[in-house]
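The next block holds one structure in the form of structure tokens; read it before the comments.
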Amino acid sequence: MTISGIGVSPGIAIGKARVIKKQAVVLTGILLLNDEEITIAIEKFDKAVAVSVIEVEMMMNNHDALQGSEGVEILEAHIELLGDPQIREDVVEKIQTERKNVNDAVIEVIQAAVEVFKSMDDDYMSARAADIEDIGNRIVKNLTPAIAIDQDYEAGTIIIAEDLAPSDTISMDIAKIAGFATQIGGKTSHAAIIAKSRGIPAVVGCGADLKSVQDGDMLILDGQSGSIIIDPDQETILKFEAKRDSWLKELSLLKSLKDTPAKTIDGTEIHLFANIADSAEMENALEFGAQGSGLFRTEFLFLGRNDFPSEEEQFEFYKAVALKAKGKPITVRTLDIGGDKQLAYFNFPEEQNPFLGYRAIRLCLDKKDIFITQLKAILRASEFGKLKIMFPMIATVNEIRAAKAILKEAMQTLTDQGTAFDKAIKIGIMIEIPSAAVIADLLAKEVDFFSIGTNDLTQYTLAVDRMNEKIKDLYDPFDPGVLRLIANVIEQRHKNHIEVGMCGELASDPRATFLLIGMGLTEFSMSASSIPVVKNKIIKASLTEARKVYEAVMQMDNSKDITNYLQEKTQ
Amino acid sequence: MISKDYIITSAEGIHARPATALVKLTKNYKSIISIKKGEKTVKLNSLLNILSLAAKGGETISIIAEGEDENSAMEAIDQFFNEHLKDL
């Protein structure tokens, strides 16, 4: 039999079920008789709170492994909630004016608060109802002699419960637990958060079907797909065991690298950023250990619609990304349309060579209203994070000067309106046209940073249309001509004191990692999932060795020798 | 009495973590410190009350401090909303 729910923490668990039943918290309806009982009831409440706080503090101290993780934060919030003056005030009032016994008073006050949170139009806040319920249950439990929760289960156990309170998951011996499944809950429920932060496969929201699971049943739980198989046959177990092993291997690689600094063995710090298109991708990128975004493509908002997005709409879109990055830098590339990226609502002229035509900054400088609307929206969003502005397709110094003039105009308009923005926002350009790479020294005087776009740079340098099947083999970023241009741009870092990054596909190619570090590149931006792979190369590289690789490559006259050599070096 | 407005700069708004930090911060001062969102004003000493405001990222709230150390309390609040909140 298979049960399906919401997979909230990926991974495969194979093991025996342990069904957890919690003691129900019930109202007694008993009323207090006199002032003396009222005084005793309030004292009892205060004592139960004090004991509860000690319990939670002990949980925090006993779980060293939880330090700094979500678990500790949850417990800190619980301590505050236990001692919350509003809760105490409400409980005391129920005891004093309604003569409720302390058990009932606590249950009713907690229930009322739980209802308030459950009804909130916000997934995160409604999930906080579980925290309030949890501390309420803890106080109630401590009003009467404690009932020890049975924790005697064998390693590899899969915990089955109606729902799991934060303190349940935290007080469990996590090392023995292979997975969780609950009847209720969603992606933001505590069971989900804890399971994810501890890397334990979990499925929530399985519904009443889960009741059919008995203590000791053999289960397979797939935290990715959200399915639970009860009493699987041997063949299925073998299949999932193989799936589990490959997952564990991948997980350990990713996990070991996420918080590892991207530093070479001789201490050169490399910064790894993600290329993103919206706030969801920003969030995902942080999971892979990105230190921000080196390329935020803004086209996403402009595609698949009937009209240009308004300043307000753009502002909200950029702001959402800024907030998700939690203060980490984001390089926002201004509109790069034209070429192969057409908009249904904008009439592009028919062109012989669209890639050499009316696109990106050329279009923006021509259609100033479109450009200025976007710039204002980005500037306004800069109040909510560390944004940088990057102009695409710059070929000449005059173009960047023109773009900067329009940016200045946008800034002036906002200043006149009294709208706040980051006045020290950094400005940069994509280096993707060969002329820009050649005059990098001149351009460096105009901007704060460069980002090398290797895809277009390769195509323009070698005069190869990537889309053309007949010649696509000629497209090669490892061509000595392309590499010399890249090296020239990176050299400006020291010569002209400018930040240089790379956001093209070459940045994510592990074969190029040593070579680029050897050239002096320290900022790489790529798709989030490539970050661990490239980081894995960086931590094995030394700057001295990388420089030798670079020097050797510069002696070679064709890309085949270069890629063979790099392949060998990066093994 | 002093009152100041802040735009919430964290994506999730004043969720459990920043709210806990805020309650802890207020405990260092004698002043009565309240938070106001729309028509609703609650004291900053109650995590439950702060969370029930459900203040989201990008929204504006006011902080009101009243008492002998209101100036230093407001300075700490300033620092919290302008610097720390983003990282919480």
Accessible-area order for A:94, B:56, A:470, A:548, largest to smallest, probe 1.4 angstrom, reads A:470, A:548, B:56, A:94
Between chains A and B, the summed loss of accessible surface on complex formation, probed at 1.4 Å and reported to the nearest 100 square angstrom, is 2200
Mean projected area, convex hull of alpha-carbon positions in the protein assembly as shown, reported to one decimal in nm², is 35.4
CD proxy, 222 nm, chain A: helix-only mean residue ellipticity via -39,500 (n - 2.57) per DSSP H run with n ≥ 4, per residue, nearest 500, stands at -15000 deg cm²/dmol
Expected field for residue A:554, accessible surface area in Å² at 1.4 Å probe radius, rounded to 10, holds 40
Per residue of A:319-327, other chain Cβ atoms within 10 Å number on average 4
With a 30 Å threshold on alpha-carbon distance, the violating pairs from A:249/A:470; A:258/A:388; A:243/B:86; A:328/A:404 are A:249/A:470; A:243/B:86
Membrane-span-like helices (DSSP H runs, Cα span along own axis at least 15 Å, mean Kyte-Doolittle at least -0.5) in chain A -> A:35-62, A:70-82, A:102-118, A:129-143, A:368-381, A:397-417, A:480-495, A:543-554
Partner shielding of A:85-92, taken as the mean number of other chain Cβ atoms within 10 Å, equals 3
Taking only the alpha-carbon positions of chain B as identical scatterers, the Debye log10 I(q)/I(0) at q = 0.21 Å⁻¹ comes out as -0.95
Taking the chain alone as reference and the full protein assembly as comparison, with a 1.4 Å probe on protein heavy atoms only, the residues of segment B:40-79 that lose at least 10 Å² of accessible area are B:45, B:46, B:47, B:48, B:49, B:51, B:52, B:54, B:56, B:57, B:58
For segment A:24-143, shape from the Cα gyration tensor axes a ≥ b ≥ c, cut at a/c of 1.5 then a/b versus b/c, turns out oblate
Cross-link reach from residue A:239 to aspartates and glutamates, straight Cα distance under 18 Å and at least 8 residues apart if same chain, gives A:222, A:231, A:250
For residue A:293, other-chain or 5+-apart residues with amide H closer than 5 Å (H placed, Pro excluded) are A:274, A:330, A:331
Averaged per residue, the 1.4 Å probe accessible area of chain A, protein heavy atoms only, in Å², is roughly 45
Segment A:15-55: Kirkwood hydrodynamic radius (Cα pairs, Å) comes out at 13.5
Sorted on mean Cβ neighbours within 10 Å (highest first), peptides A:347-353, A:471-477, A:430-436 come out as A:430-436, A:471-477, A:347-353
Of every hundred units of 1.4 Å-probe accessible area on the protein assembly as shown, the number belonging to carbon and sulfur atoms, as a percent, is 50
From most to least accessible, 1.4 Å probe, no ligand or DNA/RNA atoms counted, A:479, A:222 line up as A:479, A:222
Quick tally, 1.4 Å probe accessible area for A:298, A:28, sorted with the most first, runs A:28, A:298
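The values are calculated or read from the model by the stated rules, or taken from the named source; none is laboratory data. On a predicted model such as this, the values are computed, not experimentally measured, just so you know. FYI the Cβ positions are ideal-geometry reconstructions off the backbone, even for glycines, and counts take in every protein chain you see. When the accessible area is computed, the model is the full protein with side chains, heavy atoms only, and any ligands, DNA or RNA have been set aside. Shrake-Rupley method; radii C 1.70, N 1.55, O 1.52, S 1.80 Å.
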